[in-house]
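J.: One structure follows; several queries about it will come next.
The values are calculated or read from the model by the stated rules, or taken from the named source; none is laboratory data. Being a predicted model, the structure only gives us computed values, none of them experimental. Cβ placement follows ideal geometry from the backbone for every residue including glycine, while neighbour counts extend to all protein chains displayed.
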Amino acid sequence: MTTATIFGASGGLARALFYELLEQGWHVNAVCRVSRAESVRKEFESQIRAQQMHLHTVESEYTEFEFSRPSDMVILTQALFEPASLTTMASEAITDEVSVGLVDPMLITRSFLRAFPSVPGVRRNICFIGSTSAYAGFKNTSVYCAVKHGLLGFVRAMNDEYATTDDRFWLFSMGTMQTEMGGKVLGQDVSTYLQPRDVAQRIVSAIISPSNLFEPEVIIRRRAVKFL
(Lines give C-alpha, C1' and ligand atoms only; values in the text may rest on other atoms or scores of the structure.)
Protein backbone atom coordinates (compact mmCIF):
# COMPACT_ATOMS: atom_id res chain seq x y z
CA MET A 1 0.00 0.00 0.00
CA THR A 2 1.29 3.44 -0.88
CA THR A 3 1.90 5.65 2.13
CA ALA A 4 1.87 9.40 2.69
CA THR A 5 3.13 11.25 5.75
CA ILE A 6 1.54 14.66 6.30
CA PHE A 7 2.76 17.22 8.83
CA GLY A 8 0.49 19.89 10.29
CA ALA A 9 -2.42 17.44 10.43
CA SER A 10 -4.88 19.77 12.14
CA GLY A 11 -4.83 22.37 9.38
CA GLY A 12 -7.62 22.82 6.86
CA LEU A 13 -5.55 21.86 3.81
CA ALA A 14 -4.01 18.86 5.55
CA ARG A 15 -7.46 17.49 6.38
CA ALA A 16 -8.57 17.96 2.79
CA LEU A 17 -5.46 16.08 1.67
CA PHE A 18 -6.34 13.22 4.03
CA TYR A 19 -9.77 12.82 2.46
CA GLU A 20 -8.37 12.91 -1.06
CA LEU A 21 -5.58 10.41 -0.39
CA LEU A 22 -7.80 8.03 1.58
CA GLU A 23 -10.27 8.02 -1.30
CA GLN A 24 -7.39 7.13 -3.60
CA GLY A 25 -6.60 4.11 -1.41
CA TRP A 26 -3.50 5.50 0.25
CA HIS A 27 -2.39 4.84 3.80
CA VAL A 28 -1.89 8.13 5.65
CA ASN A 29 0.37 9.00 8.56
CA ALA A 30 -0.93 12.21 10.13
CA VAL A 31 1.49 14.19 12.30
CA CYS A 32 0.24 16.94 14.59
CA ARG A 33 0.88 18.49 17.97
CA VAL A 34 -0.65 16.82 21.03
CA SER A 35 -2.73 19.91 21.73
CA ARG A 36 -4.54 19.57 18.36
CA ALA A 37 -4.68 15.79 18.10
CA GLU A 38 -8.13 15.16 19.57
CA SER A 39 -9.99 17.11 16.89
CA VAL A 40 -8.18 15.17 14.15
CA ARG A 41 -8.85 11.89 15.93
CA LYS A 42 -12.59 12.56 16.16
CA GLU A 43 -12.90 13.61 12.53
CA PHE A 44 -11.08 10.58 11.15
CA GLU A 45 -12.01 8.01 13.79
CA SER A 46 -13.40 5.46 11.29
CA GLN A 47 -10.28 5.58 9.13
CA ILE A 48 -8.03 5.29 12.16
CA ARG A 49 -9.97 2.25 13.35
CA ALA A 50 -9.66 0.72 9.90
CA GLN A 51 -5.92 1.42 10.11
CA GLN A 52 -6.01 3.37 6.89
CA MET A 53 -4.72 6.31 8.88
CA HIS A 54 -2.32 6.52 11.81
CA LEU A 55 -2.17 9.61 14.01
CA HIS A 56 1.26 10.55 15.34
CA THR A 57 1.74 13.33 17.86
CA VAL A 58 4.64 15.55 18.89
CA GLU A 59 4.80 17.61 22.04
CA SER A 60 5.78 20.92 20.49
CA GLU A 61 8.18 20.59 17.53
CA TYR A 62 7.55 18.65 14.32
CA THR A 63 11.26 17.86 14.22
CA GLU A 64 10.58 15.47 17.14
CA PHE A 65 8.94 13.04 14.69
CA GLU A 66 11.15 10.12 13.69
CA PHE A 67 10.70 8.31 10.39
CA SER A 68 10.59 4.61 11.25
CA ARG A 69 9.21 3.48 7.90
CA PRO A 70 9.62 4.80 4.37
CA SER A 71 6.92 6.94 2.77
CA ASP A 72 6.08 7.35 -0.89
CA MET A 73 4.99 10.91 -0.22
CA VAL A 74 5.84 13.48 2.45
CA ILE A 75 3.81 16.69 2.62
CA LEU A 76 4.80 19.51 4.95
CA THR A 77 1.87 21.88 5.47
CA GLN A 78 2.85 23.53 8.76
CA ALA A 79 3.24 27.30 8.93
CA LEU A 80 2.64 30.30 11.14
CA PHE A 81 0.86 33.38 9.81
CA GLU A 82 0.41 36.44 12.00
CA PRO A 83 -0.01 39.53 9.80
CA ALA A 84 1.71 42.57 11.28
CA SER A 85 4.18 45.26 10.33
CA LEU A 86 7.77 44.18 10.92
CA THR A 87 8.48 46.90 13.49
CA THR A 88 5.60 45.76 15.70
CA MET A 89 6.62 42.09 15.73
CA ALA A 90 8.45 40.67 18.72
CA SER A 91 11.78 39.00 18.01
CA GLU A 92 10.40 35.70 19.28
CA ALA A 93 7.46 35.87 16.87
CA ILE A 94 9.79 36.43 13.91
CA THR A 95 12.04 33.56 14.95
CA ASP A 96 9.09 31.21 15.48
CA GLU A 97 7.55 31.99 12.09
CA VAL A 98 10.84 31.33 10.29
CA SER A 99 11.54 28.19 12.30
CA VAL A 100 8.13 26.56 11.82
CA GLY A 101 7.71 27.50 8.19
CA LEU A 102 11.23 27.13 6.81
CA VAL A 103 13.88 25.71 9.14
CA ASP A 104 11.80 22.81 10.44
CA PRO A 105 10.74 21.61 6.95
CA MET A 106 14.40 21.63 5.93
CA LEU A 107 15.38 19.61 9.00
CA ILE A 108 12.51 17.15 8.51
CA THR A 109 13.51 16.68 4.87
CA ARG A 110 17.08 15.98 5.92
CA SER A 111 15.86 13.48 8.51
CA PHE A 112 13.75 11.64 5.94
CA LEU A 113 16.50 11.51 3.32
CA ARG A 114 19.06 10.34 5.85
CA ALA A 115 16.77 7.60 7.16
CA PHE A 116 15.78 6.41 3.69
CA PRO A 117 18.29 7.23 0.93
CA SER A 118 17.15 7.32 -2.67
CA VAL A 119 16.55 4.00 -4.40
CA PRO A 120 16.84 3.79 -8.20
CA GLY A 121 13.44 3.20 -9.78
CA VAL A 122 11.51 4.09 -6.61
CA ARG A 123 9.69 7.38 -7.03
CA ARG A 124 9.21 9.49 -3.92
CA ASN A 125 7.64 12.92 -3.59
CA ILE A 126 8.54 15.51 -0.96
CA CYS A 127 6.02 18.33 -1.09
CA PHE A 128 5.98 21.76 0.49
CA ILE A 129 3.05 24.12 0.79
CA GLY A 130 4.01 27.54 -0.40
CA SER A 131 1.85 30.53 -1.19
CA THR A 132 1.56 33.17 -3.86
CA SER A 133 3.72 34.99 -1.30
CA ALA A 134 6.61 32.87 -2.62
CA TYR A 135 6.52 34.99 -5.78
CA ALA A 136 5.51 38.41 -4.49
CA GLY A 137 5.67 40.63 -1.44
CA PHE A 138 2.66 41.83 0.50
CA LYS A 139 2.50 44.46 3.20
CA ASN A 140 2.31 43.34 6.83
CA THR A 141 3.47 39.82 5.91
CA SER A 142 7.19 40.39 5.39
CA VAL A 143 8.33 37.41 7.47
CA TYR A 144 5.75 35.06 5.94
CA CYS A 145 6.79 36.16 2.44
CA ALA A 146 10.44 35.60 3.32
CA VAL A 147 9.63 32.09 4.55
CA LYS A 148 7.78 31.17 1.36
CA HIS A 149 10.52 32.65 -0.83
CA GLY A 150 12.94 30.49 1.16
CA LEU A 151 10.93 27.36 0.45
CA LEU A 152 10.99 28.20 -3.25
CA GLY A 153 14.78 28.41 -3.23
CA PHE A 154 15.04 25.21 -1.21
CA VAL A 155 12.86 23.22 -3.62
CA ARG A 156 14.77 24.47 -6.65
CA ALA A 157 18.09 23.55 -5.05
CA MET A 158 16.92 20.10 -3.92
CA ASN A 159 15.60 19.22 -7.36
CA ASP A 160 19.01 20.08 -8.77
CA GLU A 161 20.80 18.13 -6.04
CA TYR A 162 18.63 15.04 -6.62
CA ALA A 163 18.28 15.39 -10.40
CA THR A 164 19.80 11.94 -11.04
CA THR A 165 17.47 10.19 -8.58
CA ASP A 166 13.76 9.33 -8.54
CA ASP A 167 13.08 11.75 -5.68
CA ARG A 168 11.00 14.79 -6.64
CA PHE A 169 10.54 17.99 -4.68
CA TRP A 170 7.41 20.10 -5.14
CA LEU A 171 6.21 23.52 -4.10
CA PHE A 172 2.45 24.10 -4.28
CA SER A 173 1.70 27.79 -3.94
CA MET A 174 -1.88 28.94 -3.67
CA GLY A 175 -3.88 32.04 -2.96
CA THR A 176 -5.90 32.50 0.21
CA MET A 177 -8.01 29.48 1.20
CA GLN A 178 -11.08 29.13 3.39
CA THR A 179 -9.13 27.89 6.39
CA GLU A 180 -8.31 29.09 9.88
CA MET A 181 -5.20 30.76 8.51
CA GLY A 182 -7.17 32.37 5.69
CA GLY A 183 -9.48 33.88 8.27
CA LYS A 184 -6.61 36.11 9.41
CA VAL A 185 -6.56 37.93 6.08
CA LEU A 186 -8.60 41.11 6.42
CA GLY A 187 -10.33 43.31 3.88
CA GLN A 188 -11.18 40.66 1.29
CA ASP A 189 -14.38 38.91 0.25
CA VAL A 190 -14.25 35.44 1.80
CA SER A 191 -16.46 34.05 -0.97
CA THR A 192 -13.51 34.37 -3.35
CA TYR A 193 -11.21 32.24 -1.19
CA LEU A 194 -10.12 28.86 -2.54
CA GLN A 195 -11.77 25.71 -1.19
CA PRO A 196 -9.20 23.42 0.51
CA ARG A 197 -10.71 20.32 -1.11
CA ASP A 198 -10.26 21.81 -4.60
CA VAL A 199 -6.64 22.61 -3.79
CA ALA A 200 -6.06 19.14 -2.32
CA GLN A 201 -7.43 17.49 -5.46
CA ARG A 202 -5.07 19.54 -7.62
CA ILE A 203 -2.08 18.64 -5.43
CA VAL A 204 -2.81 14.93 -5.28
CA SER A 205 -3.61 14.62 -8.99
CA ALA A 206 -0.26 16.21 -9.86
CA ILE A 207 1.75 14.03 -7.51
CA ILE A 208 0.22 10.64 -8.25
CA SER A 209 0.15 11.05 -12.03
CA PRO A 210 2.09 8.13 -13.55
CA SER A 211 3.27 10.24 -16.48
CA ASN A 212 6.72 11.73 -16.89
CA LEU A 213 5.28 15.23 -16.48
CA PHE A 214 6.77 17.11 -13.54
CA GLU A 215 5.68 20.55 -12.33
CA PRO A 216 8.02 21.34 -9.43
CA GLU A 217 6.34 24.71 -8.91
CA VAL A 218 2.55 24.72 -9.09
CA ILE A 219 0.78 28.05 -8.61
CA ILE A 220 -2.94 27.96 -7.83
CA ARG A 221 -4.36 31.46 -7.97
CA ARG A 222 -7.83 32.77 -7.33
CA ARG A 223 -9.60 33.64 -10.60
CA ALA A 224 -11.26 36.60 -8.90
CA VAL A 225 -10.11 38.60 -5.87
CA LYS A 226 -12.58 40.99 -4.27
CA PHE A 227 -11.72 43.60 -1.67
CA LEU A 228 -14.17 44.97 0.86
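J.: Applying the selection to the stretch 85-133, what residues are closer than 17 Å to residue 181 by Cβ and part of a strand (DSSP E or B)?
T.: 128, 129
J.: Please go through the stretch 204-222 and give me each residue that is in contact with a strand residue (DSSP E or B) (Cβ under 9 Å, 6 or more places away or on another chain) and of a type in the set (Gly, Ala, Ser), ordered by number.
T.: Selection gives 206 alone.
J.: Name the single residue, out of those in the stretch 103-148 being of a type in the set (D, E, K, R) and at pLDDT 95 or above, that is surrounded by the most Cβ atoms within 10 Å (Cβ to Cβ).
T.: Taking the candidates together, the pick is 148.
J.: Pull up the stretch 69-100, narrow it to residues that are closer than 17 Å to residue 5 by Cα and not β-branched (Val, Ile, Thr), then point me to the one that is surrounded by the fewest Cβ atoms within 10 Å (Cβ to Cβ).
T.: The extreme case among them is 69.
J.: Scan (1) more than 25 Å from residue 90 (Cβ to Cβ); (2) more than 14 Å from the chain's Cα centre (by Cα); (3) at pLDDT below 95 for the single condition residue 177 breaks and write down its number.
T.: Only one criterion is unmet by residue 177, namely (2).
J.: Separate question: Please find, within the stretch 34-76, the residue that is nearest to residue 208 (Cα to Cα) out of those that are of a type in the set (Asp, Glu) and free of Cβ contacts under 8 Å to residues at least 12 places away in the same chain.
T.: Per the stated criteria, the residue is 45.
J.: Among the listed residues 185, 147, identify the single one that is more than 18 Å from the chain's Cα centre (by Cα), in contact (Cβ under 8 Å) with a residue 60 or more places away in the chain and within 30 Å of residue 89 (Cα to Cα).
T.: Criteria check complete, one pass: 185.
J.: State which residue pairs qualify: first residue in contact (Cβ under 8 Å) with a residue 12 or more places away in the chain and inside the stretch 123-135, second residue in a strand (DSSP E or B) and among the hydroxyl-bearing types (Ser, Thr, Tyr) in any location, beta carbons under 6 Å apart, and separation of 6 or more residues or different chains.
T.: Note: pairs meeting the criteria are 130/173; 131/173; 132/173; 134/173.
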